[in-house]
Amino acid sequence: MKSTLNGYLLRVDLTSGKCNREPLYDSLLEERIGGRSLAVAILQSYANLEPLEPDMPLIFSVGPLCGSQVPLSSRSVLTGRSPLTGTIFSVTSGGTLARCMLGAGLMAILIHGQAGSPVILEITPSGDCLLPADKLWGFETDKALRLLAPDAGSVALIGSAGEREVLYASIETSAGESFSRGGFGAVMGAKRLKGIVLKATPAVRQIADPSGFDKAMEDLLRLFRASPFLMGPFGIRENGTSALVDLLFQRGMLPGRNFTDFSGEPASFNAVAIRERYKPLKGGCDDCLIACKRVVSDGSWLPDYEALAAFGAISPFDSIDEIVWLCKRCGDIGVDPVSFSATVATFCEISGNSIEPVFIRNLLEELGKGTINGLKLAKGAARLASESGVSELAMTVKGLELPPFDPRASTALALGYATSPHGGSHLTSWSIASEILRKPVPTDRFSFDGKARIVAMFEDANALVDSILLCRFVSVAAELQELAAILTAVTGRVYSPADLQQIGRKTIQDERSFNCSCGFTEADDTLPLRFFTESANGRPPVDRKRFEQELLAYHRIRAAQCQ
């Protein structure tokens, strides 16, 4: 079989205005596959640059399954150095962006430099150029998307928060799923890049081994259908990701205000509340059979679990309309709702203010306008708390605000927050799959025994998933054996589960090495003090002694793997 791994890197120099395409070496694509692993490999030579320096690049990349018939595979990943955390960071998005990149002949886009005035990067199969965007600068994302999206296959752009370099600014897309976390909207703002417009037809990838592909797809789809969480009557196909609200509440994992006791009412923003209030339709990415999104009559998506719980739990509101409005407004301005809500919760705990809807609405508007309070909030929770002399009040790891999953109720999550090269992300190891959803195998969420090795294995596996660029929900049903079979059939190059594990492991090792070059040490792998000293939701504080023992074991595992 002839390998179908090929493609180009588009290198965009915003300073000179030059756009050049260069072929990606076959050896690099075979070794790194694509997606996160490919971008991390390219980024290694830039570790000496600060996040907002002009020459620090942003890299959009796609995976080897993009454009195939494999469900949940048309995702793209954005990789760079986060201005919020200072760490290497990757964030994924679904929709048409990845397939339009492939349709334009690209596996990756590397953007560096700084434009003299606002620009749009326009990409077509026949050529790439920078266009003036002065008239779009200052537009909120919904207005800019209405102007640009009708003539494009896919659009990604920033709002006023990115233009003002809010450190947790997002990048919104015409597909409705943003590059939300990590603050890359601020990087685009610093580069004076308003957005990217892809005028290309979504690609269809050639399959190297059609018969092998049919067999691998049959096995994969059977596993999807057998997953209660994905396809069952109480799973996310029937209820969307808001199905997690009640589940995590029952498990003591739904956090309260700034990760204290949850005192709200989950019924105010759970799947039932959304269904009764909005009567939404099922929706999702264009290649998705799970349909985890919920779509209202005007075609817009309702918030997912993380955004819902950010305002319904961390900054508790009891009105679903208020929560949905805040999430939409975050998208219009172009900020990550999780980081914004956590920063607000920190601000309110420091100042003694109560979290009231009108007050939070005003803070969100101030953030977009750059007022005095807006400038305070723009720095994120960690800097806000540090400048106030109360660093312990920021529920962050390496500067990243924690998502609404309380680590007191999950030992692997506690360890995974600490060890993630991206900061306090639950997605790096995604141990919730095992400890809460019981897949691929159940583990005891109250015990630290063996969690160092489990977290390391999960980190490797999910780095691989982000390199193949599948939706994280795939890992609830499939394992490396199924992924190796389908990747082999699509690309024509034989991959074993061990090969895939090694690609994921190398990605994590490179990310940790990048962070080390940026000044991070093993001492940064920790949790906020609150989790070691305060109980919440009926769960005791994290056992610090056992946490530190497993953390030491994790560091030994990673050191041994590098030898």
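The values are calculated or read from the model by the stated rules, or taken from the named source; none is laboratory data. Source: prediction; values computed, not measured. A quick note on method: Cβ atoms are made from the backbone with ideal geometry, for glycine too, and the neighbour counts reach across all protein chains shown. Surface areas here come from the heavy atoms of the whole protein model, side chains and all, with no ligands, DNA or RNA. Shrake-Rupley method; radii C 1.70, N 1.55, O 1.52, S 1.80 Å.
Before moving on, here are some points about what is shown:
- Distance between the C-alpha centres of the stretch 309-325 and the stretch 439-468: 30 Å, rounded to the whole angstrom.
- Calculated on the Cα set of the stretch 371-492, radius of gyration then Dmax: 17.4, 57 Å.
- Distance from the alpha carbon centroid of the stretch 97-131 to that of the stretch 351-411 works out to 34 angstrom.
- Relative contact order of the stretch 210-300: 23 percent, from C-alpha pairs under 8 Å at least 6 residues apart in sequence.
- Label-to-label distance, D151 versus S300, with points set 7 angstrom from Cα along the beta-carbon direction: 2.5 nm.
- Surface analysis of the stretch 275-386 yields an accessible area of 39 Å² per residue, using protein heavy atoms and a 1.4 Å probe.
- Prolate/oblate/rounded call for the chain, Cα gyration tensor, a/c under 1.5 rounded: rounded
- For the stretch 45-155, the orientation-averaged shadow of the C-alpha convex hull comes to 8.3 nm² (one quarter of the hull surface).
- Loop trypsin sites (Lys or Arg not before Pro), the stretch 1-77, which have at most 16 other Cβ atoms in a 10 Å radius of their Cβ (DSSP): K2
- Exposure of F89 as accessible area (Å², to 10), given a probe of 1.4 Å and all protein chains: 10 Å²
- Set of the stretch 32-57 residues, backbone N closer than 19 Å to the point 7 Å along the Cα-Cβ line of S513: 32-49, 57
- Alpha-carbon centroids, the stretch 510-563 and the stretch 136-191: separation in whole Å: 33 Å
- Our summary gives the stretch 92-181 a relative contact order of 26 percent, counting only alpha carbon pairs under 8 angstrom and 6 or more residues apart.
- With helices as the sole contributors, the chain gives -12000 deg cm²/dmol at 222 nm; each DSSP H run of n ≥ 4 counts as -39500 (n - 2.57), and the sum is divided by every residue.
- Among Q44, L220, P57 - extreme Cα towards positive end, dipole of the chain, charges at beta-carbon: L220
- Residues of the stretch 455-543: accessible area per residue with a 1.4 Å probe, Å²: 35 Å²
- Of all DSSP-defined beta bridges confined to the chain, some 80% are antiparallel rather than parallel.
- Modelled FRET efficiency - R0 56 Å, K279 with I372, Cβ distances, 0.05 increments: 0.85
- Filter on K282/K439; K506/K545; K143/K369; K143/K328; K18/K191; K293/K328 - keep pairs with C-alpha separation over 18 Å: K282/K439; K506/K545
- Carbon plus sulfur fraction of accessible area for the chain, probe 1.4 Å, in percent: 52 percent
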